[in-house]
1. What accessible area per residue, rounded to a whole number of Å², is obtained for segment 132-201 using a probe radius of 1.4 Å?
2. Kindly provide the pair-distance distribution of segment 132-201 built from C-alpha pairs, with 10 Å bins from 0 and whole-percent values in order of increasing distance.
3. So, by mean Cβ neighbours within 10 angstrom, what's the order for 286-293, 523-530 with the highest one leading?
4. What three numbers, in Å, describe the spread of the alpha carbons of segment 207-449 along their principal axes, ordered from the longest?
5. Mind jotting down the distance between the C-alpha centroids of segment 79-107 and segment 254-296, whole Å?
6. Nearest 10 degrees, 0 to 90: what angle lies between the long axis of helix 397-410 and the longest principal axis of the chain (Cα atoms)?
7. Search the structure for amide H atoms under 5 Å from the amide H of Tyr202, placed 1.01 Å from N in the peptide plane, and list their residues when 5 or more places away or on another chain.
8. Of all DSSP beta bridges located in the chain, what percent are antiparallel, nearest 5?
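The values are calculated or read from the model by the stated rules, or taken from the named source; none is laboratory data. All figures in this text were calculated on a predicted structure; none of them were measured in a lab. Neighbour counts run over all protein chains shown; Cβ positions are idealised from the backbone, glycine included. Note: accessible area is taken over every heavy atom of the protein model, side chains too, but ligands, DNA and RNA are not part of it. Shrake-Rupley method; radii C 1.70, N 1.55, O 1.52, S 1.80 Å.
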Amino acid sequence: MFTKILIANRGEIACRVMRTAKKMGVRTVAVYSDADRDSLHVAMADEAVHIGAAPSRESYLCGDKILAAALKTGAQAIHPGYGFLSENAGFARACDEAGVVFIGPPIGAIEAMGSKSAAKTIMEKAGVPLVPGYHGEDQSPALIKQHADAMGYPVLLKAAAGGGGKGMRQVWSEQEFGAALDAAKRESMNAFGDDTMLVEKYLTQPRHVEIQVFCDNHGNGVYLFERDCSVQRRHQKVVEEAPAPGMDPALRAAMGDAALKAAQAINYAGAGTVEFLLDIDGSFYFMEMNTRLQVEHPVTEMITHQDLVEWQLRVAANETLPLAQDQLRIDGHSFEARIYAEDPDNDFLPVTGTLSYLDAPEEGEFVRVETGVRQGDDVSVYYDPMIAKLVVWGQDRDSALRRLQKALSEYRIGGMTTNLAFLYNLVSAEPFRAADLDTGFIEKHQSLIFKKDAAQIEHFLPLAALYLVLKQQHSASCGAPASDRHSPWNAADHWRCDGSRKHSFDIAVHGDSHRLDVEQLGRGAASRYKVTHAGHTTTLQGTLIGNQLIADMDGHRQKLQVNEDQNHISLYCYNHLLEFTRVLPDTGDADEQQHAGGLTAPMNGTLVAQLVKAGTAVDAGTPLLVMEAMKMEHTIKAPSAGTVKQFFFADGELVDGGALLVDFEAS
Ligand code: ADP
């Protein structure tokens, strides 16, 4: 076994790999960019080497700098994590030539899976089922169309070099085919410099079911069952589970065997994932093989009680696989929910900021929080906006789901918009409980997942008023000696010499403003507060200790957590979150901030399209331009009504995160 390894990654996966290395007594070397100097993965490592500026192409994608760091620190092996250099055959080869072990598959296996068409040809020869279609070298449009016509519409055109859904087009009829092929080829040429196409039967309600495989260098191979990753937004996974609901043992064995056949066809070694589409009739088809550890690997670990990173290190150190197929068992059920700094109400646009408040659910045997950040850390424009993966286990799907819901409700993040409420609504939706899953789940159940409960806001408003009034009392500072309990200067409860103890607060929730009138009844700890909003009056009592608000409303006692970040206040109560802004006399600052924040690049990426012409007057929310980053397209919208004066980047240009994209003048 190695005595020291370098982790060529950052964030949660770097921390995850280090946890196992530490457990095995293996020393760890982190690498970090300027943006990550004080990050958790650096703090966790035994040693750390600075490798460059914040943009990944100047640090985490620089194979030469990373290899130099390994040689300098005497690391015998490099774990690439996922993303960055994990599927880069050139980097694997450079490691090999430098005598450093690449903790991943052989170079040939990475190369073989690099093109979708070539991968399909290999899999076809190995007898792995493919989605009906054509992936040949002859690219004549008439021939491709002939194949499409023969299998019947709808069909899916895919770029052979594709990834992230680019160069993919659904075609619903013969008439649409020509235009769709042209568009897909254009998109593919722009994105990958190659317009080779393949065409597949488009499955209308498939599930994404993938098999975890593991092989060693001694001819052994096993599969560690399946994961269901059907819940996707924009073809990207967001909630995964293992085992796949409703999977019968015969189908599992057939898919497992097919996946192993796929791995053996390319002389695989290490951890790999074979992705399949599972059709409603039980047919399954090879989609692609990922030659690395997947983001969602923890759900497999939870149901098999194995540590897949430990397996990776053992295989890379030339040991045999720890277990044989007949020693592997599925125990219980596991879910993973990916918590992102993103705005589900704005097309899942990534957001950035400082994690001013972070309170994760308690970890234990059944709940794992995989994260690379702490309170006070930044989610920057440079990297993936994933904050954490919440992983739970239960004896069966229902109990695991209950734990997932509870843990999501206890996860509190302040300082930026996250997908927590979206995740909670998603996993609480009845069709999810009933495991009625397919890749269109989120679109199909939008009304359940994106609900904005007006009654919930009404319920929270008196609590917001209670917080504001108690906060004001706490922070009031007076000149009288603290020992004088009877001094009116020490009674920070709106005592007035004219006897009036009324106050009004203006707050904004989701852009709607609310006036809250509060009248204090009684004095001191026994005070009650009459809150009037839009003609409704509620009377409540409460105390504020630190950031915990205990409120008693109509005999219902509730514990809430509060996070205040400048004027943005978040009240967390079980699975509910009320976020509001205190509206203070207008200084114009808020507008300016919104203006600048809304029109900068949310992360490093490429400008894909300008949607309006410079000089155009637009309404608030008008889509202005599209950026592509992190495998997703993001629409940047007008923050208010105004005029687009100038675009600073042309279509196809690379943009650094944080760069100003548009000169926008609010009207
Ligand atoms: P990419 O590599 O661009 O991400 P994939 O081939 O991995 O593309 O497919 C991504 C997702 O697209 C799948 O998880 C599935 O939801 C959907 N998809 C792919 N192929 C098909 C198909 N033939 N029919 C229906 N959906 C598909």
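1. The answer is 47 Å² per residue.
2. All Cα pairs considered, the percentages come to 24, 60, 16.
3. 286-293, 523-530
4. Ordered largest first, segment 207-449 gives principal extents of 51, 41, 32 Å.
5. Segment 254-296 and segment 79-107 have Cα centres separated by 21 Å.
6. 50
7. Result for Tyr202 returns Val155, Leu156.
8. Bridges in the chain that DSSP calls antiparallel: roughly 90 percent.
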